[in-house]
Amino acid sequence: MKTALLIAAVDARIGGVMVFGDRGTGKSTAARALAALLGPKIPFVDLPLGATEDRVVGALDIERALVAGEKAFEPGLLAKADGGFLYIDEVNLLEDHIVDLLLDVAATGENVVEREGLSVRHSARFVLIGSGNPEEGELRPQLLDRFGLSIEVRTPQEIDLRVEILRRCDTFERDAAGFADDWQKAERKTLRSVTNARKLLPDVGVPDAIMRRASELCIAVGADGLRGELTLIRAARAKAALEGKKEVKDKQLIAVAPMALRHRLRRGVLDETGSTARIERALAEMFGG
Amino acid sequence: MSPAQLLAADGGLGGILVRGDAEGLIAELRQLLQVHRCPAHVDADRLLGGLDLSATLAAGRPVISPGLIETAAGGVIVVTGAERLEPEIAGTFAAALDATTIRLVLIDRGVEGEAVPEALAERLAFWIDADDMPTGVTKGAAEHTPIMSDSVLKMIAEAAVALGVESMRAPLFAVRTAKALARLDGSDAVSEAHVIEAVRRVLVPRATQWPEAQDEAAPPPDAQAQGEGQGEAGGPLADTVLEAVKATLPPGLLETIRARAARGKAKGRGRGARRRAPTRGRPAGVRPGLPRGGARLALLDTLRAAAPWQKLRGAQARIAVRKADLRVRRFRDRTGMTTIFAVDASGSAAAARMAEAKGAVELLLTQAYVKRAQVALIAFRGDSAETIVPPTRSLTRARRLLAELPGGGGTPMAAGLHAARTLALSERAKDRTPHIVLLTDGRANMPADGTAQASAEQAAKSIARDGLDATLIDISARPRAEGQRLADALGGRYIALPRGGAADVSRAIS
């Protein structure tokens, strides 16, 4: 999950991350940590469950209309998210019409408002981060496809890891400032790698052989549409950039394939075979070992 | 230590979910914290603050009200009738809990099928029954935060796994609770006794299994005991703790947990009754009202209403609008459909029929997925009916619940019909269109005193009286009169499919 979020931060064109998982698995914590990492200048907007269209899109500023008699636009959450991240918790429970709205805006990068006598158009480019529990409802394939990468998280099964989580939270509560200091070095390192990766990205090359293998992989697993391949290549480049490498090799492709493809596989709606398993099998066949 | 005292001591515990009469709890809270009561149908503006419309219109300049979440910081918000919370409001509360700016007490007085949104319940440390409210006396607060050793943390982590609690929030709450208990106890360090109490308070209500159940089954091979998910025994520390916890449980609770485990993973709390969303669907006119709770202002109609009064109101540069002039848009939602399968899972050829029903349900789910419709499954056998798949669009969930469905026993038709009717009426109340599909051979034999068939027909007639859409699919090998008679009583279609496969059943319904 952390890798996926960092990749999305390096290259916004990849189109965001969808995190599937049960409750209490740290999904929103991780997303918010990303926001904190990238700093206060990058907007990070929460789209609450059940948000109404008015709050998302923006609406007539009633206050000014009624009191001053002026027609003014009160920006919604999409305006606030421009240039940053839009985080949607429980995205699979989102109302259909809000989903449609987000699809439009995500595709065009622009929010068009035509209502209540208003005609407004503003830039709304953001990286979508969604989290949800598939047990609660299915996400429409069109929306799922909008997310560049997808991740499945589970609560760690090893007791030691769980104890470590409890321990760190306990330490933080006792001395928040101390905890922050201890981890500051690691945080700065991560932030540096993201900033450096962004700078390096334009120079990262993808050899023809890698492009071909990417296409072969997508065909082998039955990925729908071309977005899968494009995302796969972009994600592999971003991963290489994060590692400070100027050329994409098999290693990066293998690392990002599951997150780039698992939510795009053509399958019967009731097909139980795990998408991740299918991708890993294909990878094993193609790359051996 | 009562939950109220613990919550007052540590706001990071989020809050309390109470089932039943909570007046005692509230009285106790009043002595410890500032209590703000809040109805379940509160709207987002009241919670988050914003323009106070009436005051603004009266004063002629913007009057902002701070919102309940801000005002209640440091105190506690008490919501009655929490099972009726709208998703938007639940989400707003959840976000505020995440930012630990509020304490929340939810009082759930719902009946079976209505429940507080899971996402919100998850963020409250204590889930309690009003009848089973722990009490306690504080010995005075310790100066510093009590020490927590690694072994204590491990006890809690293991106990959570042993009880089948997946979410990490629960053990985190348990850790906080143990610390608070130790502090209020005047102790320097968290002891095993505090852990036992914390496990009892926080983890047990969320338990989906009890580890002893594992002893009855064959002991798992070593490899399995290493790291695979469900049914895993905790470690040795957890066993001691859980033995001690068991001693403190009220009678019947252990049975409830075991029953829950036997039924398969908890069905998940529902999302509560949903009222008509005020901004969805096709526009259907305009009515007087305040643009609150999501209802959208109809500006032109408002101005039109205010226009004739301008002269009288002495308006000059700006338009004088009063509260009575405000108009909002009404919408008519295109309601979705819910197909309710009521399946005779009794001994008579149960297995084959169940397979067909399950197959048909899965096929319908596939279509429903496309049409955004919902599917539900009720099975009746033995002496009762049970809702196996509550109305859902989630394939993952439906498939899992279907897989766990057993068959056999007598045919309690009346019970099945009654359950289908109740579910259908509840769906209708949520503005969905229910459609009942009954799969059976039409022969009722439970209760076994001879009244079964007549009761079944009575139940069918009440479905007809409610105007509910119904179809009876007769899967007996040789269709008999009972099937047609029942269909007539239902006021619905009769379809004979003696050897109906899943595809036939599903085609017959569409």
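The values are calculated or read from the model by the stated rules, or taken from the named source; none is laboratory data. If you're wondering where the values come from, they're calculated on a predicted model, not measured in any experiment. Heads up, the Cβs are rebuilt from the backbone with ideal geometry, glycines too, and the neighbour counts pull from every protein chain shown. Just the protein is used for accessible areas: all its heavy atoms, side chains included, with ligands, DNA and RNA removed. Shrake-Rupley method; radii C 1.70, N 1.55, O 1.52, S 1.80 Å.
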| query | Non-local amide H neighbours of B:D441 (under 5 Å, H modeled in plane, Pro and chain starts lacking H): which ones? | reply | B:I475
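Please give the FRET efficiency for B:S462 paired with B:A403, using the beta carbon to beta carbon distance and R0 = 25 Å, rounded to the nearest 0.05.
Computed FRET efficiency for B:S462 and B:A403 comes out at 0.20.
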| task | Using the structure shown, select from A:K80/A:K185; A:K199/A:K249; B:K154/B:K179; A:K27/A:K199; A:K189/A:K239; A:K189/B:K154 the pairs with a Cα to Cα distance greater than 22 angstrom. | result | A:K80/A:K185; A:K27/A:K199; A:K189/B:K154
| request: Step through the residues of the stretch B:466-474 one at a time and calculate ³J(HN,Hα) from phi using the Karplus curve (6.51 cos²θ - 1.76 cosθ + 1.60, θ = phi - 60°), rounding each to whole Hz and writing x for Gly and Pro. | output: 6, x, 8, 5, 9, 9, 10, 10, 8
| In 10 Å bins starting at 0, how do the alpha-carbon pair distances of chain A split up by percent? | 6, 25, 32, 24, 10, 3, 0, 0
| note | Sorted by chain and then number, the residues having a modelled amide H within less than 5 Å of the amide H of A:G21, at least 5 places away or on another chain, are A:G132, A:N133, A:V153
| For A:T276 and B:L303, FRET efficiency with R0 = 60 Å and r from the beta-carbon atoms, rounded to 0.05? | 0.60
| Tilt relative to chain A, helix A:159-174 - C-alpha long axis, 0 to 90 degrees, to 10 | 40
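Send over the Kirkwood Rh of the stretch A:1-144, from the inverse of the averaged 1/r over different Cα pairs, rounded to one decimal Å.
The answer is 16.0 Å.
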| Reachable lysines, given that their alpha-carbon falls under 20 Å from the alpha-carbon of B:K358 and they are not under 8 places away in the same chain | B:K265, B:K267, B:K371
| note | From most to least accessible, 1.4 Å probe, no ligand or DNA/RNA atoms counted, B:R322, A:R198 line up as B:R322, A:R198
| query | What angle, in degrees between 0 and 90 and rounded to the nearest 10, separates the Cα long axis of helix A:96-108 from the longest principal axis of the Cα atoms of chain A? | reply | 70
| request: Take the solvent-accessible surface of the protein heavy atoms, probe 1.4 Å, and return the percent of it on the stretch A:144-267 that carbon and sulfur atoms account for. | output: 53
| query | Looking only at other chains, what is the average number of their beta-carbon atoms within 10 angstrom of each beta-carbon in A:153-165? | reply | 5
| task | For every helix of n ≥ 4 consecutive DSSP H residues, a contribution of -39,500 (n - 2.57) applies; sum these over chain A, divide by its total residues, and give [θ] at 222 nm rounded to the nearest 500 deg cm²/dmol. | result | -15500 deg cm²/dmol
| Nonlocal amide H pairs with B:I436, under 5 Å, H built at 1.01 Å | B:I340, B:D469, B:A470, B:T471
| task | Note down, for the stretch A:169-289, the three equivalent ellipsoid semi-axes (square root of 5 times each alpha carbon gyration tensor eigenvalue), biggest first, whole angstrom. | result | 33, 21, 11
| field | Inter-centroid distance (Cα atoms) of the stretch A:54-126 relative to the stretch B:450-480, Å | value | 51
| said: Testing the spin-label approximation: label points 7 Å from Cα along Cα→Cβ at A:K246 and B:A193. State their distance in nm. | reply: 6.9
| message | Tell me the volume per residue, in Å³, of the convex hull enclosing the alpha carbons of the stretch B:150-200. | response | 60
| field | Spin-label model distance (nm) - A:K71 vs B:T248, 7 Å beyond Cα toward Cβ | value | 6.6
| said: If packing is taken as the average count of other Cβ atoms within 10 Å, what order do A:160-170, B:157-167, B:486-496 fall into, highest mean first? | reply: B:157-167, B:486-496, A:160-170
| request: Using only protein heavy atoms and a 1.4 angstrom probe, determine the accessible area buried between A and B, summed over both sides, in Å² to the nearest 100. | output: 5300
| With every protein chain kept in the model, how would you rank A:T52, B:T248 by accessible area, 1.4 Å probe, largest at the top? | B:T248, A:T52
| said: Can you tell me the orientation of helix A:176-200 relative to chain A, as the angle in degrees between its alpha-carbon axis and the longest Cα principal axis, to the nearest 10? | reply: 80
| remark: So for R0 = 22 Å, FRET eff. of B:T451-B:A481 from the Cβ-Cβ r, to 0.05, ends up at 0.75
